[in-house]
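Asker: My questions will all concern the structure given below.
The values are calculated or read from the model by the stated rules, or taken from the named source; none is laboratory data. Here the structure is a predicted model, which is why all the values come from computation and not from measurement. Using ideal geometry, Cβ is built from the backbone for each residue, glycine included, and neighbour counts are taken over all protein chains shown. To get the accessible areas, we keep the full protein, side chains included, count just its heavy atoms, and leave off ligands, DNA and RNA. Shrake-Rupley method; radii C 1.70, N 1.55, O 1.52, S 1.80 Å.
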Amino acid sequence: MRPYCHTLLLYCFILTLSGVYPMSLGALASTDDEPEALVGDAFWPPPPPPDLSHHEITAGPSQFMAGNVAVMLILPESNGRIDPVLEQWTSDQINHITTQVKEALDWWVERVPRARLRFQLETRIVPTAFEPIRYRQHEEGLWIGDVLRQMGYSGNYFEQAYAATYDLRRQTDSDWATLIFVANSANSPSGRFKDNRLGYAYINGPFTVLTSDVGSYGTQRLSMVLAHEIGHIFGAQDQYQAAQVRCDQRSGYLHMPTSNSQIGGCPLNEPSIMLSPIIAYSIGAVDPSALAQIGYHDRNGNGIIDPLDTTPELYLNPVEPLLPGQRPLIYGYSIDRGYPAPMQTTVNINRIERVEYRANNGPWQPVIPTDGAFDSAAEEFYLEAPLYDGTHLLEFRAVNTMDTSSTIQQVSVTVSDVGSLPIYIVDTPALTRNAAITLTITAPVPTEALQISSDPHFSDTVWQPFTRHPVFALEGQADGSIPIYIRFQDATGHISSIYTRQVLLDTTPPTGQVVLDRDLNLRALVSAEDHGSGVALIEVEINAGEQRWQIQAPEAEITAVVDRTRLFTYHTVVELPASTTSIRVCFQDAAGNVSPYVQASIEREVIEEPTQQQVFLPLILAAL
């Protein structure tokens, strides 16, 4: 027996113990009771027409699985104009199909954590003169073309589909887009199209087609089948024996071999969604060759997958000699080129995230993009360097989406008759739970104005008269570490360098619980967690206020960083008097947020005869 068979039996045994009973193993193995294998479900599409793709960053709608992906789920609804109406979508069906599609997309997000993958799903019911379930795959252009015409697209149906994906990308500001057509098969005994197919996809897009019942897989397993087809949409090949895909057949943006194919002699033999949709979906299995074909491959082992492993380039224009009283005005551009694709059009979904400079080895400062935003792979920028008298070494770098920096470029400039460097001191609170903070500023006497913003380019603020204690509003900001940018203007109009400070905003109280436990003595097990500033104080009250005391929480353990906030956890054991019948606790974090009380009460039990066994008394937990 091949090693894969041993693995398969083990997986089946585990699934059975866990209550998951696959009706069939599908393409996993050759058995008499399997639903139809997904044979012939992958096709090569024609290329996009040049007039659609010449202005795009890519020649294909879904070349590798990373970044932001817009997905349009299209449910064709026959209106009886040509074919008799055999199927009608119900609200329950629509909700079910949408949920199944979302589950398949979420499944892939969990498989590729380093791809920064996010799907945006939209569902549309679109009328058509045809009843899609009545047709064969080679007749798909009839109803797909009609559906896309109803959506406003012209040309042949592939031209329409490409145009629809490009529009979807632009409208959602996504990196990729794809279409999923689901034909209603609720009244079809087989749940298949006329040629016996239940689903298929085009390699690297632009669309996937399924029946709502996906044949004998059943509508409850649509997510499993769709997860397989999504692999095709991003370049993965079939691996089961009936597909007859050779080990050396290459595919995907990185042009990688199908090393897990089961036709024999391939170096890999692992469970995979491209081989065995039912079991692989249940255990979350994608083999290395399928991952490589969808672009999830890290050739140099630096933690960044190859299609995202790019390095920005930065170029500076020559700097004109400065006259007395002038500051240097520096122009340049940065570009981030895509990871080379051996056979496809090279593309890049990374962006120039920011360009920065520093003077004389000081802190990095933001540079202004010429068009107002760093939002593409090629950006021009400029800087009127806020320098004072002296010779200065300026260094510039560009940073992309993956936080990869360009090679630093340097320029030396000499400034005269501007004045000496003023000294500004900016103090901000390190922590707050309030909607506004007060800064304390020490500045030279000729300082006339200031700007404060959470935008390093100050695009959302205007100059305001200088004051030593300005107030800055934090409304609309999510909890977490917030950068505050401050700069000053003197009486001659010269603008200072930018001063950056970090303020931790924490408006959310801790959460926790208390559990009573009696071993030799009665005690309370108290635990809490806080996203932000950490648990600082615990108040304990027993027997409805009979006794009350506070516990200073020691420094909590930082266990994670989630959405710019730190997650602190805290645990302690509180010994209680034997007379305790109830206890409640509340928690306060370092920012001053106080939680509601959490209560536990205990009902006494009379134990007639002592035993050596531990007795766990019933608990009643409630949040007040």
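Asker: Could we say that residue 301 is modelled with pLDDT of 95 or more and either of a type outside the set (A, V, I, L, M) or under 22 Å from residue 235 (Cβ atoms) (or both) here?
Answerer: yes
Asker: Just name the residue that is nearest to the chain's Cα centre (by Cα) out of those in region 442-459 that are at pLDDT 95 or above and either farther than 19 Å from residue 493 by Cα or open to solvent by 60 Å² or more (accessible area, probe 1.4 Å) (or both).
Answerer: So the residue we want is 453.
Asker: Still on this structure: Does residue 263 meet the test of being surrounded by 18 or more Cβ atoms within 10 Å (Cβ to Cβ) and either modelled with pLDDT under 95 or closer than 30 Å to residue 339 by Cα (or both)?
Answerer: Here the answer is no, as residue 263 does not meet what is asked.
Asker: Mind counting the residues in region 224-245 that are in contact with a strand residue (DSSP E or B) (Cβ under 9 Å, 6 or more places away or on another chain) and crowded, with 24+ Cβ neighbours inside 10 Å?
Answerer: 13
Asker: Looking at the structure I just gave you, is residue 580 modelled with pLDDT of 50 or more and under 35 Å from the mean Cα position of the chain (by Cα)?
Answerer: No, not satisfied.
Asker: Does region 248-260 hold any residues that are part of a loop (DSSP other than H, G, I, E, B) and open to solvent by 30 Å² or more (accessible area, probe 1.4 Å), and which are they?
Answerer: If the condition is that a residue be part of a loop (DSSP other than H, G, I, E, B) and open to solvent by 30 Å² or more (accessible area, probe 1.4 Å), then 248, 249, 255 are the ones that fit.
Asker: Between 416, 412, 405, which is open to solvent by 30 Å² or more (accessible area, probe 1.4 Å) and touching a Lys or Arg at 6+ places or on another chain (Cβ under 6 Å)?
Answerer: 405
Asker: Here are some residues: 546, 475. Which one is of a type outside the set (Lys, Arg), open to solvent by 50 Å² or more (accessible area, probe 1.4 Å) and without any contact (Cβ under 8 Å) to a residue 24 or more places away in the chain?
Answerer: The conditions single out 546.
Asker: Could I ask something else about it? When the residues of region 506-521 are narrowed to those that are part of a strand (DSSP E or B) and modelled with pLDDT of 85 or more, which ends up surrounded by the fewest Cβ atoms within 10 Å (Cβ to Cβ)?
Answerer: In this case the residue turns out to be 515.
Asker: Report every pair of residues separated by at least 6 positions or lying on different chains whose Cβ atoms are under 6 Å apart, first residue within region 33-49 and open to solvent by 30 Å² or more (accessible area, probe 1.4 Å), second at pLDDT below 90 and part of a loop (DSSP other than H, G, I, E, B).
Answerer: Pairs found: 33/24; 34/24; 34/25.
Asker: Would region 57-67 turn up any residue that is open to solvent by 50 Å² or more (accessible area, probe 1.4 Å), more than 16 Å from residue 294 (Cα to Cα) and either over 18 Å from the mean Cα position of the chain (by Cα) or not hydrophobic (A, V, I, L, M, F, W, C) (or both)?
Answerer: Yes, the conditions are met somewhere in region 57-67.
Asker: Would you mind telling me which numbered condition in (1) closer than 30 Å to residue 411 by Cβ; (2) without any contact (Cβ under 8 Å) to a residue 40 or more places away in the chain; (3) of a type in the set (Ser, Thr, Tyr) residue 315 fails?
Answerer: Failed condition: (2).
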